[in-house]
Each structure stands twice: as structure tokens, then as C-alpha cells.
Amino acid sequence: MATLDAGGLSTGQVAVTTAATLVCTAGASEADNDGVLLVSSTSATVFVGGSSSVTATNGFPIGLTPVLFPSSGAAPMTVYAICSSSTATVSYALPG
């Protein structure tokens, strides 16, 4: 996981396979975190969820269009991702 913290914005890219992979934790260092923006690098659908038990059946699908997952900032929000049959790079951006 590569992370760049530039002026309060943390960004990174994570390789995702058919095994659940930790993408990021939003709100871990910033109490007023508003959420995380996610996008996949490929047209293959990536599924995201809040634990390492995310699957293609129970995860939320993301693709080439960025998706914002809001957070109250009251507690850290962990994001995991999985591909059903291929690999992808998931990019994220969040305050931090």
C-alpha cells in the first residue's frame, strides 16, 4: 500500500486479488474524517466491505466511476476489497 499525505489528503493504491485485501482505514488519525473516495483501475468489478470477510456476494460493487463512502468520523472505518475472478488496483483518497 503506497500512501501520500499531501496537505491533509491521504491517497494510495492497493493491488486487489481474489483474496480480501485491506485497502485503507478512514478516520484512524483524523477525528473529523468525512469518508473515503474509492475507484478501481479496471472494468472488472471490485467488491468492497468493512471486514476481511467481504465477498463478491456480500460486498458493494465499485468500478471505474469513483464512489464516496461517507463516515461520521466518530470511529475508524476499515475498507477491504476483493475481485471475483481477476485483479485490479483500487485507488483511495481521504482526509488525513
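To keep it simple, each residue is scored yes or no on (1) in a strand (DSSP E or B); (2) polar (S, T, N, Q); (3) surrounded by fewer than 20 Cβ atoms within 10 Å (Cβ to Cβ); (4) in contact with a helix residue (DSSP H, G or I) (Cβ under 6 Å, 6 or more places away or on another chain).
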| residue | (1), (2), (3), (4) |
| --- | --- |
| Ser53 | no, yes, yes, no |
| Thr57 | no, yes, yes, no |
| Pro61 | yes, no, yes, no |
| Thr65 | no, yes, yes, no |
| Ala74 | no, no, yes, no |
| Thr78 | yes, yes, yes, no |
| Ala93 | yes, no, yes, no |
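Among the residues of region 1-50, the ones that are part of a loop (DSSP other than H, G, I, E, B), surrounded by 12 or more Cβ atoms within 10 Å (Cβ to Cβ) and at pLDDT 80 or above come to 8 in all. In region 33-55, the residues that are over 21 Å from Leu94 (Cα atoms) form Cβ pairs under 6 Å with partners that are among the polar types (S, T, N, Q), at six or more places apart or across chains, as follows: Ala44/Ser86.
The values are calculated or read from the model by the stated rules, or taken from the named source; none is laboratory data. The structure displayed is predicted, hence computed values, not measured ones. We place every Cβ from the backbone using ideal geometry, glycine too, and count neighbours over all the protein chains shown.
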